[in-house]
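The values are calculated or read from the model by the stated rules, or taken from the named source; none is laboratory data. As the structure is a prediction and not an experimental result, all values here were calculated from the model. So basically every Cβ, Gly included, is an ideal-geometry build from the backbone, and we count neighbours across all protein chains shown.
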Amino acid sequence: MSVETKVEYEIVIGLEIHAELSTESKVFCGCRTTFGADPNSLVCPVCLGLPGSLPVLNRKAVEYAIKAGLALNCEIARYSKFDRKQYFYPDLPKAYQISQYDLPLCRNGWVEFEINGEVRRVGINRVHLEEEAGKSVHSGERLLGSEYSLIDYNRGGIPLIEIVTEPDLRSPEEARVFLEQLRQILLFTGVSDVKMEEGSLRCDANISLRPKGSTKFGAKTEVKNLNSFRSVQRALEYEAQRQREVLESGGTLYQETRHWDENRGVTVAMRSKEEAHDYRYFPEPDLVPLVVDEAWIERLRAELPELPRARQARFVEQYGLPRYDAEVLTTSPQLADFFEACVAEYGQAKPVSNWIMGEFLRLLKAEGKAVEQVQVSPKGLADLLRLIDQGVINANVGKEVFEEMFHTGKEPGAIVKERGLEQISDTAALAAIVDQVIAANPDAADNVRNGEMKAIGFLIGQVMKQTGGKANPKVVQALLRERLLGG
């Protein structure tokens, strides 16, 4: 009697990422790229595709695309061209998109990222430059079920790079971590603000399953509507399980496109995709080929900043920080710059790291602010830490002071003086309060006398409460030990 062996499957994932470039004007015209403007207020005959209008290539968009390619370790093509990608959709007024097809600007790159202590490398097939489409605004939550849709062409013509990975990712978690690393790289280079909530970073994922050990790819599903890093991981986990169940039940998978429904936590079939779309590409006749010389590439290479992984490694080596601290502090170039400026003012890295990772990031999240919007200066944080070191205030009061600094931009010394927050370290003044607290809490006092030292923390807390948090906790603890334990 034969025993049926259960097939083990390997997940194969590739990503297609679109990032809007941070140019001030669109890629083929002079219209502004401001987010949130009134609908159809940032348009002209070129980006509306009116007859007789001609595109003119934005040099800055090309430079940003090259910088992205260099940061992703790509080969930069000395000769590339633009093509018309033709399809009909309301948000595409010309009925074609100017993109790049067979001769993209950047090819054959790679990105390394770390996951579960292992360094993984993902190949970058290509990075090409193209124009953004307009935006459909549906009367309902999505196209299906809406009574009507409106079109805003403000976004149409904003420069995009499309980054296409090789199918090198092997789990939904890897896909999320890779995408987070890619976002950091684009943010550090300054080529895009990569704000997923504003649509300036978008991702489609291709996923398939194959028997472990096989080199042949299975039928892939393209998953769309991935609006956050969490969505990417959740959607791919669901889709991998769905495909596994189909295969294990003896069913057949077909190439298709599916929509991720965030609320229901499922992917929904949109359309079958048996063959690749025929977009009838042909060279864009209104744009000359793009020729990039060596000097231009080398100038842009020299302008590249220190990238996230390199900066993390330097923070560990130069400042002696734990790896975790270095990763948190390099989530954005502005945060990393703020940290280094504070260390330059204060001289010690770890206390600065603790305050930035604690109070600073807590307040940033609570207020929904970016680092560059905060009024606390590096010198201000350094002065606050020195006040704590000198015993002028304790750490708890320091948090109150820092919060006021965060909201007002005032210097810490002025806040401490205005509010009378100087720490009480006078032994005689604190001794009377300590005696009162011992008398008011005899059970806790007896617990300390019997060796239960946790109770001493309660008594310290009572003293702090009576002094409005201004008592020096070290002096308080010494007084309590002296009275209850005899020293």
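Details
- Number of the condition not met by Leu143 [criteria: (1) hydrophobic (A, V, I, L, M, F, W, C); (2) part of a loop (DSSP other than H, G, I, E, B); (3) buried (at least 20 other Cβ atoms within 10 Å of the Cβ)]: (3)
- Among the residues of region 390-414, those identified as part of a helix (DSSP H, G or I) and under 22 Å from Lys465 (Cα atoms) are Ala395, Asn396, Val397, Gly398, Lys399, Glu400, Val401, Phe402, Glu403, Glu404.
- Condition check for Asn108: at positive phi and not in a loop (DSSP other than H, G, I, E, B): yes
- Test result for Gln181, touching a strand residue (DSSP E or B) at 6+ places or on another chain (Cβ under 7 Å), part of a helix (DSSP H, G or I), among the polar types (S, T, N, Q) and touching a residue at least 24 places away in the same chain (Cβ under 8 Å): yes
- Residue ID - surrounded by the fewest Cβ atoms within 10 Å (Cβ to Cβ), chosen from residues in region 146-160 that are in a strand (DSSP E or B) and not aliphatic (A, V, I, L, M): Ser149
- None of Gly14, Gly30 is in a strand (DSSP E or B), at pLDDT 95 or above and in the same structural domain as Ser136 (by TED's automatic domain parsing) except Gly14.
- Looking only at residues in region 446-473 that are surrounded by 17 or more Cβ atoms within 10 Å (Cβ to Cβ) and more than 44 Å from the chain's Cα centre (by Cα), the one that is modelled with the lowest pLDDT is Val448.
- Beta carbons closer than 9 Å, at least 6 apart along the sequence or on distinct chains, pair a first residue in region 49-60 that is more than 16 Å from Leu92 (Cα to Cα) and outside any helix (DSSP H, G or I) with a second that is polar (S, T, N, Q) and modelled with pLDDT of 95 or more for Asn58/Thr23; Asn58/Ser25.
Condition check ((1) loosely packed, with under 13 Cβ neighbours inside 10 Å; (2) in the same structural domain as Glu372 (by TED's automatic domain parsing); (3) outside any loop (DSSP other than H, G, I, E, B)) across all residues:
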| position | (1), (2), (3) |
| --- | --- |
| Val191 | no, no, no |
| Val194 | no, no, no |
| Asp204 | no, no, yes |
| Phe217 | no, no, no |
| Gln233 | no, no, yes |
| Gly251 | yes, no, no |
| Arg264 | yes, no, no |
| Ala269 | yes, no, yes |
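- Only one of Val475, Val434, Val448 that is closer than 18 Å to Val392 by Cα and part of a helix (DSSP H, G or I): Val475
- Scanning region 451-472 for residues that are assigned to a helix (DSSP H, G or I) and either under 21 Å from Val416 (Cα atoms) or aliphatic (A, V, I, L, M) (or both) returns Ala455, Ile456, Leu459, Ile460, Val463, Met464, Lys465, Gln466.
- Those residues of region 71-119 which are surrounded by fewer than 20 Cβ atoms within 10 Å (Cβ to Cβ), more than 24 Å from the chain's Cα centre (by Cα) and within 20 Å of Glu306 (Cα to Cα), in sequence order: Glu75
- Scanning region 161-178 for residues that are among the hydroxyl-bearing types (Ser, Thr, Tyr) and either part of a strand (DSSP E or B) or buried (at least 22 other Cβ atoms within 10 Å of the Cβ) (or both) yields a count of 1.
- Residue in region 404-414 that is in the same structural domain as Val376 (by TED's automatic domain parsing) and out of contact with any helix residue (DSSP H, G or I) (no Cβ under 9 Å at 6 or more places or on another chain) present: yes
- Filter result (touching a residue at least 40 places away in the same chain (Cβ under 8 Å) and either farther than 25 Å from Arg309 by Cβ or of a type in the set (S, T, N, Q) (or both)) within region 331-369: Thr331, Ser332, Tyr346, Glu359, Leu363
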